1. Which condition from (1) surrounded by fewer than 15 Cβ atoms within 10 Å (Cβ to Cβ); (2) farther than 20 Å from P148 by Cβ; (3) in contact with a Lys or Arg (Cβ under 9 Å, 6 or more places away or on another chain) is the one that Q22 breaks?
2. Would you please name the residue that is farthest from the chain's Cα centre (by Cα), looking only at residues in the range 78-95 that are of a type in the set (D, E, K, R), crowded, with 16+ Cβ neighbours inside 10 Å and outside any loop (DSSP other than H, G, I, E, B)?
3. Output yes when any residue across the range 37-59 is in contact with a His (Cβ under 8 Å, 6 or more places away or on another chain), closer than 23 Å to M141 by Cα and among the acidic types (D, E), and no when none is.
4. Kindly provide the set of residues from the range 41-77 that are aliphatic (A, V, I, L, M) and assigned to a loop (DSSP other than H, G, I, E, B), ordered by number.
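The values are calculated or read from the model by the stated rules, or taken from the named source; none is laboratory data. Bear in mind that the values here come from a model prediction, so they are computed numbers and not experimental data. Methodologically, a virtual Cβ is constructed for each residue, glycine included, from the backbone with ideal geometry; neighbour enumeration extends over all protein chains shown.
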Amino acid sequence: MSAWNRFLDRIRSPEAARAAGQAGRTGPFDELKGSKYTLLVTFKRSGEPVPTPVWAGLDEQGRLYVRTERDVAKVKRVRNDPRVRVAACDARGKPRGQLIEGRARVVAPGEEEHAEGALKSHYGLGRRVYEGTMGAASGPMVYIEVSPAGQEETA
């Protein structure tokens, strides 16, 4: 784990971990609209929830997209168990609403343009500036798509 990730873990809100262990509601992701940060809860093989605040964008069908490095633990957890929970949160992961159950998958390369479009429409120039200066990735990137639980996946 990088020093940066250790730092982020140390400053994460204790509320993120408490909320992550609670069941979420089902339904659309409407309350995530306009939220700068989203708490993404993925699950270890043991079933232990792992909360991570992320930048995410919604598409017109109500699916959530996250861009992250391909080899990080949250991607491995999504590949192993597609069950996730999401909620609007602050930068430290403190939830600003109830968690919502979802199903996640790593986006296929042919769908990445759509995923990037959802993020661009949400963050605009600010995200590009951040990623160009402070948020430069150290490896290949992937997108994670999250659909509300019970909503059929559409490719």
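1. The number of the failed condition is (2).
2. Among those that are of a type in the set (D, E, K, R), crowded, with 16+ Cβ neighbours inside 10 Å and outside any loop (DSSP other than H, G, I, E, B), it is R83.
3. Yes, the range 37-59 has at least one match.
4. A56, V72
To keep it simple, each residue is scored yes or no on (1) farther than 16 Å from L64 by Cα; (2) part of a helix (DSSP H, G or I); (3) at pLDDT 95 or above.
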| residue | (1), (2), (3) |
| --- | --- |
| G97 | yes, no, no |
| G102 | no, no, yes |
| G135 | yes, no, no |
| S147 | no, no, yes |
| E152 | no, no, no |
| A155 | no, no, no |
